[in-house]
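Novice: Quick one: the structure is below, and I'll ask about it shortly.
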Amino acid sequence: MNALKFFTAIILGAAIILGSACQSASAEKKIYINLASRLMLFFDGGTKLAVYHLGVGKVSTPTPTGYYKIQTKEIDPPWIDPSDPEYEVPSGPDNPLGYRWMQLEGNYGIHGTNRPESIGGYVSNGCIRMNERDVEELFDAVTIGTPVEITYNRIVVEKTPEGDVVYYIYPDGYGWQNINVADVAKWLEPYGVLAFESDYDISQKIEASDGEPTFIGKPYNVEVNGQLTQPTDANDTRYFAKAVLREGISYLPVVPIAKILRVKLEWYPKQSSIKTKYGSAFCYEKKGQLYCNADDATVLFNLEGGLQTGSDGAKIFRFKSVPQASPVEPVKPQPVKPEPVKPVDKPKPNASKVDEPFKDDTPKVDTTEPARPKVDEPEVKDTPKVNEQSDEVKPS
């Protein structure tokens, strides 16, 4: 029986959480009760009108899960003891039903209480107790046939009106639902914020199971050149495709954007940087996924844009590629032909007199040896002829 309730609670919990996340367009009012959180959410279509604290069935007499409708409504109901139908308590301060009753099925219903201190606990025989002021407010807002959905779900994820994704882990009051990190990850992933909550942080939250809210960030869709980023590719590889605003930083999913633009990425984990053909920027690695700052979209992807309000009123990160100017071809240097060197004409003397023959006006120097001066020597007359046969000298 407990196993059946466990699986039923999982299925019903999934349906209601996803239903509220999708913000159904139905205008039908609906009551959602989570026995693990001991909270009632009252919706009008996709609008949450109120949240009420409850007292639900004891562990020995748990409130049954399932889909119901309000069968009857009664003001100032008497209380009849289930174990002794002959015993009845009229309306008043001693009546455990308070002053309002809304029947769900058989003896099970939503009602007030004369024990307000029991609200928030596992205290009843299976009925759903509310503070008197709350039950009277709800009583006036619903009609016969209003649907009521009761689940048992320890993991609750929701989006606040401001856009923040917040999740809660509640204690296992009935012992019906054992959860782990993977279970919580499955709930967070569709919201696009899973990368920003570490497995360690999730495990610590499960251990605490205190029902306190944990705010993760604000997710937004990303549009690049009119195309939304996708969480999977042709090979069914999964990515975190949403941008997340967290602690003042706008994180953009790098890989899905690169796939739209067909831009090659180079990831340098030691430098925490990523590079494309346009430039490089600081990059954040979270659970194996890469993010860059939205301010670096121009440097990294040649994109312009940012967070905008779409036609449906929802905010979206919208970018367009920056038109690139036609590249200017560099001016090729033309080869310079060397001008022929003209021979330098040797200047002609007396160039003005063209028809005159060249006349060398350079003063001539007599290089002949000057005649030696004559020395007074006795004039030597003809040498007298010598007669070899006589010693007598004859005058010539």
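Novice: Could you please report the charge total around R262, scoring K, R as +1 and D, E as -1 over all other residues with beta-carbon less than 13 angstrom from its beta-carbon?
Specialist: Here the count lands on +2.
Novice: What is the distance in Å between the Cα centroid of the stretch 267-307 and that of the stretch 54-99?
Specialist: Centre-to-centre (Cα) distance: 60 Å.
Novice: Quick check: from the Cα gyration tensor, does the stretch 220-321 come out rounded (a/c under 1.5), prolate or oblate?
Specialist: Taking the square roots of the gyration eigenvalues as a ≥ b ≥ c, the stretch 220-321 is rounded.
Novice: Also, quick follow-up: Please give the charge dipole size of the stretch 220-321, origin at the Cα centre, charges +1 on K and R Cβ atoms and -1 on D and E Cβ atoms. Round to the nearest 20 debye.
Specialist: The dipole of the stretch 220-321 has a size of about 200 debye.
Novice: Also, I was wondering about something else. How do 163-170, 308-315, 33-40 rank on mean C-beta neighbours within 10 Å, highest first?
Specialist: 33-40, 163-170, 308-315
Novice: Next question. Sort the following peptides by mean Cβ neighbour count (other Cβ atoms within 10 Å, averaged over residues), highest first: 129-142, 204-217, 225-238.
Specialist: Per-residue mean Cβ counts within 10 Å order the peptides as 129-142, 204-217, 225-238.
Novice: While we're here: Find out how many positive minus negative residues lie around S198, taking Lys and Arg as positive, Asp and Glu as negative, among other residues whose Cβ is under 10 Å from that of S198.
Specialist: Cβ neighbours under 10 Å give a net charge of -1.
Novice: Find how many whole Å separate the alpha carbon centroid of the stretch 240-265 from the alpha carbon centroid of the stretch 183-239.
Specialist: For the stretch 183-239 versus the stretch 240-265, the Cα centre distance is 14 Å.
Novice: What is the calculated FRET efficiency for E212 to S272, with r their C-beta to C-beta distance and R₀ = 30 Å, to the nearest 0.05?
Specialist: 0.40
Novice: A further question on this structure: Taking neighbour Cβ counts within 10 Å as the exposure measure, how do F282, F42, F301 sort from fewest upward?
Specialist: F282, F42, F301
Novice: A further question follows. Between I144 and D199, what's the calculated FRET efficiency when r is the beta-carbon distance and R0 is 41 Å? Round to 0.05.
Specialist: The calculated FRET efficiency here is 0.30.
Novice: Computed FRET efficiency, Cβ-Cβ of N235 and K286, R0 22 Å: what is it to the nearest 0.05?
Specialist: That pair, N235 with K286, gives E of 0.55.
We did not get these values from a lab; they are worked out from the coordinates using the rules stated. For clarity, every value in this text was computed on a predicted model and none was experimentally measured. All Cβ positions, glycine included, derive from the backbone under ideal geometry; neighbour counts span all protein chains shown.
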